[in-house]
Each structure stands twice: as structure tokens, then as C-alpha cells.
Amino acid sequence: MIATGSKSVQLPGLEFDGNLIIGSKDALELTSAPPRLLVVGGGAIGLEFATTYQKLGSAITIVEIMDQLMPGSDPEVIRVVQRKLEAKGATVYLRSKVAGVLKGNGVAKVEVSSPGGELSLEVDKILVSVGRRPRTDKMNLQGIGVRTDAGGFIYTDKRMRTNVDGVYAIGDVRGPPLLAHKAYKEGIVAAECIAGMPTVADWTVVPESVFCDPEVASVGLTEAKAVEAGYNVKKNRFQFAALGRALSAGEGEGFVKVVSKADDGLILGVQIVGPDASNLISEAALAIEMGATVEDVALTIHPHPTLPEAIMEAAESATGRPIHQLTS
């Protein structure tokens with residue numbers, strides 16, 4: 001069973017030194033918050049560390065080469081997170097990249113290329129978070145004939161079997177999404193197959209959560225991906241600002257967005273940005289796995305006052321019968 005996980009990608013000129021230039025593992029082991037932290041890469045891991053260290057007192061700068069944070073995510077969702085980061089003093093440079101780093105006297109002087117021109121920054125730490133790659137490069141898998149793709153991820157079937165008899169692979173080494181909860185399920189599938197059971201990986205969706213502030217969670221298709229897939233799509237949102245439980249907790253930012261088929265109401269995806277998004281997304285994942293429609297969710301009684309009511313309210317909006325909706 002190959003379950004060796006993944007490690008942080010390093011960039012030329014930004015190799016980890018464990019001191020000024022660090023990866024996510026090093027960021028977990030810092031004993032104090034750096035006064036000025038530059039995060040290179042505005043993906044999920046970068047945002048989690050940016051919001052964590054911002055709360056611990058670091059002045060945060062994020063440099064992201066794409067045109068939005070968390071590329072590929074729903075832009076409406078990510079704008080909520082970016083606004084809060086910036087409101088608390090963070091600086092975000094999109095469509096930008098680090099052009100050079102000069103280390104000395106315990107600080108790093110960084111040259112950044114951005115659409116607005118070249119700029120110079122002085123920071124105390126640089127966290128490089130630009131993706132992960134599988135820990136397969138030193139395993140000599142070719143020696144036993146195990147097939148991998150160009151990035152080193154191992155090919156398997158839905159029973160976690162590689163092309164070599166008796167060799168299985170699970171987790172990050174199989175490829176995206178690189179998530180622990182997906183790896184757990186794959187481990188169960190592999191173990192049961194090894195034990196002779198007819199188990200296969202037959203899940204429809206894998207929910208994703210980002211523990212930034214506010215939290216972000218998503219499952220299934222975003223609006224853009226649903227349109228790209230050829231669906232006639234409806235999108236409906238419910239703002240936490242209209243939800244009693246969120247307001248009483250002082251967490252009125254964000255919303256629940258339900259993406260459904262316009263003809264029959266089948267739920268295709270749900271995106272959440274706001275309080276406890278990581279907990280709320282499980283209901284949406286179950287709904288998609290069971291083939292639920294917006295009508296099914298709207299007719300399901302949710303206890304009041306609770307945060308999951310926001311999912312019900314968004315579904316009610318999709319059915320055309322919203323009660324507490326402020327905006328669609």
C-alpha cells in the first residue's frame with residue numbers, strides 16, 4: 001500500500017531555507033508570529049496561514065500569479081474572504097509574481113512584478129504555498145513497473161489498484177483533490193478490496209473546506225463549471241446577514257449559494273462562505289450524493305435558530321418560495 005502523501009512545491013529562487021523562506025510545514029512550527037509575512041500563492045493553504053498569522057498580529061502580503069485568490073473557486077465566494085483580509089490590513093497583489101529575493105540582516109528584500117509595475121517589499125518571512133507534489137520521486141516505482149503521470153501521481157482504478165498486481169495506492173499520491181478525508185475513504189476501499197470484498201470508490205462528490213476567515217466550503221459544481229458542463233443552471237444565494245443565528249453570533253458576513261438544474265431542481269453544487277462553512281457543507285454533500293432536489297431540501301424542516309437554515313433558505317429561493325430572502 002503506497003500512502004506516502006505529498007510535499008510542498010518549491011520555486012526556483014525561493015527554495016526553503018527553514019528561516020526566511022519557509023513552506024507550510026515550517027509555518028506550523030514557528031514559535032512566534034513574524035511581524036511581516038509574505039505569502040507567495042493565494043490558494044487554500046496560503047489563505048489559511050495568511051488569516052491565521054494575521055490574527056496573531058502579522059502584517060500580511062499575498063502575491064498570487066492568477067487573477068483571483070483560490071483560482072478555480074467561485075469568484076463571488078473568494079471576494080468575501082479577500083475583502084475581510086484587506087479590511088484588516090492585508091495587501092493582495094493579483095496577476096503578480098516574485099521576481100527576486102535578497103536575504104540579509106535577518107530580513108528578505110523582495111522584488112514583485114505586478115500589473116501596476118515593479119515594487120519592493122521588506123519582510124521577515126516568506127511562506128511559499130504554490131501547490132503540492134506527490135512523495136513518489138525517490139521510490140523508484142518504475143523499477144517495479146508502477147505507472148505514474150508526468151507529475152508523479154500514481155494511476156489506480158476505483159479499487160485503488162495500480163497496474164502492478166498486489167500494489168495499491170491511496171491519498172495524495174493518487175492525485176487531486178489532496179484532502180485527508182478523501183484519503184481516509186480510499187484507505188477503506190483499498191483495505192476492503194485487499195480483504196476480498198467487492199468494494200469500489202463510488203462517491204459522487206468530495207467536499208472541500210478552507211479554514212480561513214470567513215471559512216469557505218464547496219461541494220459539487222460551481223456555477224461556472226456547471227455551465228461549462230452544459231447544464232441549464234439556476235443559482236440562488238442566501239445571505240448570512242438575514243439569518244438570526246449568524247447575526248446573534250456577530251457572523252453576518254457571507255452566504256450560501258446553491259447551483260441547481262433549471263428544469264428539475266437537481267442540486268449540482270453548493271458553495272458556502274461564512275460561519276461554520278466547514279460543518280455546514282456536509283449536509284450539501286449528502287444532498288448531492290442522494291440526488292436531492294432543491295424542493296427536497298426546502299421541504300426539510302431545519303431547527304431554528306441555527307446556521308444550517310441558510311441552506312434551506314437558499315433552496316427555498318431556488319423553488320421560487322423564499323420567505324426571509326433579502327437578495328437573490
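Worth pointing out:
- Across region 221-244, not a single residue is classified as in contact with a Pro (Cβ under 7 Å, 6 or more places away or on another chain), at pLDDT 95 or above and not in a helix (DSSP H, G or I).
- Some residue of region 157-170 being at pLDDT 95 or above, under 30 Å from P71 (Cβ atoms) and in a helix (DSSP H, G or I): no
- The selection criterion, being among the aliphatic types (A, V, I, L, M), within 21 Å of the chain's Cα centre (by Cα) and surrounded by 15 or more Cβ atoms within 10 Å (Cβ to Cβ), does not hold for V107.
- Residue selected from region 110-144 under the condition in a loop (DSSP other than H, G, I, E, B) and among the hydrophobic types (A, V, I, L, M, F, W, C), by the criterion nearest to V164 (Cα to Cα): I144
- Filter pass, K261 being farther than 25 Å from A241 by Cα and among the charged types (D, E, K, R): yes
Here's the yes/no breakdown for (1) over 18 Å from the mean Cα position of the chain (by Cα); (2) among the aliphatic types (A, V, I, L, M); (3) surrounded by 17 or more Cβ atoms within 10 Å (Cβ to Cβ); (4) in a loop (DSSP other than H, G, I, E, B):
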site	(1), (2), (3), (4)
Q10	yes, no, no, yes
L14	yes, yes, yes, yes
D17	yes, no, no, yes
T31	yes, no, no, yes
L38	yes, yes, yes, no
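- Looking across region 52-101, just one residue is under 14 Å from the mean Cα position of the chain (by Cα) and hydroxyl-bearing (S, T, Y), and that is S73.
- Of the residues making up region 19-29, those that are surrounded by 14 or more Cβ atoms within 10 Å (Cβ to Cβ), within 24 Å of L179 (Cβ to Cβ) and aliphatic (A, V, I, L, M) are I22, A27.
The values are calculated or read from the model by the stated rules, or taken from the named source; none is laboratory data. Because the structure is a prediction, the values reported are computed rather than measured. Every residue, glycine as well, gets a Cβ built from its backbone with ideal geometry; the counts of neighbours run over all protein chains shown.
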